[in-house]
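Reading through the structure tokens given below for one structure.
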Amino acid sequence: MGRNFGGKGPSPSRRDMLKLAAAASALAGGGTVQAQETPAGKFAPRREALENLTAAEADTLEAFCARLIPTDANGPGAREARAAHYIDHALGGALASSRESYRSGLMRLDHHARLSKGASFAALAPDAQDVVLADVEKTDPGFFSLVQQHTIQGTFCDPYYGGNADYVGWNMISYPGVRLSVSEADQAMAAHPAPERKSAYDSPMFGRGGAVLADRTPAPADHSQMPKGMGNHDH
């Protein structure tokens, strides 16, 4: 994340988070990756039509995501990648079991911001938002972790699922994209492969029908079978 919210020692920096995501991408896609800096402001964030969240909830979530992977001198962050839109969309499908957690958690977060700082969380300056999130990380760790995990997913996912807009996340870490075949030159690893900027589901090898089904089907109730951060968290 961009800040050490908990105050209990050093936490992963934005660059550290990107390196971890890069390693995961390399394992998943077989590509060679290297951290890359992108000029801030190159990608202008946009607000899509809301699908599951209310406007107030979306404002709070946008600000939350933006502080977890912030836009800075190194380049764009979760706001530009549209991580909040990924979450809003997924709450009507694969993350439907987390809808109540988001409703109540965002309400608690905004209530705490108003009581402690005198304004809604979305209206606060970034430094004040970090203070509020430091409190939430300690007092509501389940919700904090839920949003953190989903923000990472939304920043670096295949853009088919509503995040990683304009491939912001992949550009952050120089992820070369989905590779259906590897040339002899790629295997030699003498140079970084040219980026392939398209969804895996743009390839006829992967049927969009299966992707649509997975996108709309709620995650299983057995949370032990889910990736970390998916599904409901008990509070």
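Once phi is turned into θ = phi - 60°, what whole-Hz ³J(HN,Hα) does the Karplus curve with 6.51, -1.76 and 1.60 give for every residue of segment 148-163, x standing for Gly and Pro?
With the stated coefficients, segment 148-163 comes to 4, 5, 6, 5, 4, 4, x, 7, 10, 6, 4, x, 3, 8, x, x Hz.
Give me a comma-separated list of calculated 3J(HN,Hα) values for segment 101-114, in order, Karplus coefficients 6.51, -1.76, 1.60 applied at θ = phi - 60°, integers in Hz, x for any Gly or Pro.
4, 5, 4, 6, x, 5, 5, 5, 4, 5, 4, 5, 5, 5
Compare the Cα positions of Ser98, Leu109, Ala134 along the charge dipole of segment 96-136 (+1 at Cβ of Lys, Arg; -1 at Cβ of Asp, Glu; about the Cα centre) and return the one farthest towards the positive end.
Ser98
Any idea how far apart Glu48 and His192 come out in nm if each label point goes 7 Å out from Cα toward Cβ?
If labels sit at Glu48 and His192, their model points lie 2.7 nm apart.
If I compute solvent accessible area with a 1.4 Å probe over the protein chains, what percent of it on segment 127-207 is carbon and sulfur? All intermediate terms of the calculation are to be shown ahead of the outcome.
Values: 2050 of 3670 Å².
Exposed carbon and sulfur together represent 56 percent of the surface.
Ranked by accessible surface with a 1.4 Å probe, highest first, in what order do His112, His150, His85, His192 come? Kindly include the intermediate steps, with their values, before the conclusion.
Numbers: His112 60, His150 0, His85 35, His192 115 Å².
Highest to lowest solvent-accessible surface, that is His192, His112, His85, His150.
Counting only protein chains, not ligands or nucleic acids, how are Asp110, Asp202 ordered by accessible area (probe 1.4 Å), most first? Walk me through the intermediate numbers first.
Values: Asp110 25, Asp202 80 Å².
Listed by decreasing accessible area, they come as Asp202, Asp110.
For Val178, list long-range residues whose amide hydrogen, built 1.01 Å from N in the peptide plane, is under 5 Å from its own amide hydrogen.
Sorted by chain and number, the residues that satisfy this are Lys198.
Using modelled amide H (1.01 Å from N, peptide plane; none on Pro or chain starts), what sits under 5 Å from the amide H of Gly77, excluding residues fewer than 5 places away?
Here Thr71 satisfy the definition.
Going by the alpha-carbon gyration tensor, a ≥ b ≥ c the square roots of its eigenvalues, is segment 41-136 rounded (a/c under 1.5) or, if a/c is not under 1.5, prolate (a/b greater than b/c) versus oblate? Write down the numbers at each step before the final one.
On the way: a/c = 1.92, a/b = 1.03, b/c = 1.85.
Taking the square roots of the gyration eigenvalues as a ≥ b ≥ c, segment 41-136 is oblate.
Roughly how much of Glu51 is accessible, in Å² to the nearest 10, using a 1.4 Å probe?
Here the accessible area works out near 100 Å².
The values are calculated or read from the model by the stated rules, or taken from the named source; none is laboratory data. This one's a predicted model, so the numbers in the text were calculated from it and none came from an experiment. Please note: Cβ atoms are built from the backbone with ideal geometry, for glycine as well, and neighbour counts cover all protein chains shown. Surface areas here come from the heavy atoms of the whole protein model, side chains and all, with no ligands, DNA or RNA. Shrake-Rupley method; radii C 1.70, N 1.55, O 1.52, S 1.80 Å.
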